[in-house]
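Enquirer: Dumping the structure here so I can ask a few things about it.
We did not get these values from a lab; they are worked out from the coordinates using the rules stated. Source: prediction; values computed, not measured. All Cβ positions, even for glycine, are placed from backbone atoms using ideal geometry, and neighbour counts span all protein chains on display.
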Amino acid sequence: MRNADLKIQYERDGYVVLDRAFGPGEVDKLVEEAVRICRGELGAIRGALPADPADTDEDVLRRFLCVHYPHKLSGLMLATMSHPAIVTALTSVIGPNVKAMQSMLFIKSEGEPGQAWHQDEMFIPTRDRSLTAAWLALDDATIENGCLWVLPGSHRSGVLYPNREHDDPRYDCTVESYGFPFDESDAVPVEVAAGSVVVFNGYLLHRSLPNTGRHGYRRALVNHYMSAESLLPWDAPPAGTPMAQADHRDIVLVAGSDPYAYKGLREVRQPRIRPNRDGGCDR
């Protein structure tokens with residue numbers, strides 16, 4: 001897809017698919033790295049139980065739904081943040097200067113839940129509406145195994161819809177967006193082949209459903225990005241600093257330059273698991 005066409009589709013629908021942007025060899029290496037991460041071979045993961053050497057890889061993987069910040073454990077996953085296919089798309093839809101602030105490794109074996117309708121910008125606030133996700137499929141993502149569903153065009157109003165608690169067993173986190181002018185008939189499943197990347201806007205309403213397959217995974221590596229020109233008020237500022245100047249600096253520059261480089265970087269978040277049904281999403 002030409003960059004101009006990609007940007008037009010992104011602005012219209014709120015998402016684009018980069019079909020098979022990663023080759024099979026690249027995907028295989030990331031899958032192998034996921035096993036090493038879940039085994040604890042690359043460093044501690046807060047909340048994770050240690051793997052026994054006798055455990056099979058499948059035994060270990062099925063203990064996890066999501067690992068937050070795998071790029072802090074793995075050089076390969078850190079490098080994937082800056083993969084040329086992803087960066088080319090990001091600079092088309094965001095601009096020349098792009099920073100990343102989060103990575104998430106989803107395992108989602110059979111029977112594991114999805115996540116209710118939500119907007120990423122509700123949880124990761126930017127000041128310029130530039131938040132963008134790159135959702136890399138490490139397995140073929142299908143309706144059966146819990147692919148993404150989106151509400152095309154739901155990003156365009158620039159409205160963040162309210163959240164409420166729910167008890168729907170299909171979903172892991174305990175909040176869902178509501179009150180938006182779309183219904184289930186507007187939802188579109190985004191089925192993609194392994195190695196494909198779904199790039200989508202932080203205001204786009206999206207969800208995933210449980211993996212209802214009889215056996216297997218729906219693994220994905222999801223990174224979040226934004227314009228480097230914008231502050232990132234993701235944390236309360238230090239004492240004496242007004243909220244208007246809050247700027248999360250646990251970031252990775254993936255394209256261009258950082259106009260706030262003079263602030264330096266600060267390690268804030270650490271790798272951790274997302275507990276099932278425990279409000280485990282970053283809020």
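Enquirer: Loop only by DSSP, 16 or fewer other Cβ within 10 Å of the Cβ. Give me the trypsin sites (Lys or Arg not before Pro) in the range 214-244 that pass, ordered by residue number.
Expert: Numbers: sites: 214, 218, 219; in loops: 214, 218, 219.
In loop regions of the range 214-244 (DSSP not H, G, I, E or B), the sparsely surrounded trypsin sites (Lys or Arg not before Pro) are 214.
Enquirer: Can you tell which of 82, 240, 48 lies farthest toward the positive end of the dipole of the chain, using +1 and -1 charges on the Cβ of basic and acidic side chains (Lys, Arg; Asp, Glu)?
Expert: Selected residue: 240.
Enquirer: If you don't mind, another one. Within 10 Å, at most 12 other Cβ atoms, and a DSSP state outside H, G, I, E, B define an exposed site. Report the longest part of the chain free of exposed GluC sites (Glu not before Pro).
Expert: 42-266
Enquirer: Find how much the distance from residue 127 to residue 267 grows on full extension, using 0.36 nm per residue of separation minus their present alpha carbon separation; answer in nm with one decimal.
Expert: Working: separation 140, 0.36 × 140 = 50.40 nm, distance 2.14 nm.
Gain in length upon complete extension: 48.3 nm.
Enquirer: At what distance in nm do the modelled label points of residue 7 and residue 88 sit from each other, each positioned 7 Å from its Cα along Cα→Cβ?
Expert: Distance between label points: 1.6 nm.
Enquirer: Of the listed values [x] 50, 44, 40; [y] 97, 42, 39; [z] 87, 39, 35, grab the one calculated as Cα extents along the principal axes in Å from the structure here.
Expert: Correct label is [x].
Enquirer: Report the one residue of 253, 222, 202 whose Cα lies farthest in the direction of the positive end of the charge dipole of the chain (charges on C-beta: Lys and Arg +1, Asp and Glu -1; origin at the Cα centre).
Expert: In the chain, that residue is 253.
Enquirer: Among the lysines, select those whose C-alpha is under 25 Å from the C-alpha of residue 263, and discard any that sit fewer than 8 residues away in the same chain.
Expert: 72, 99
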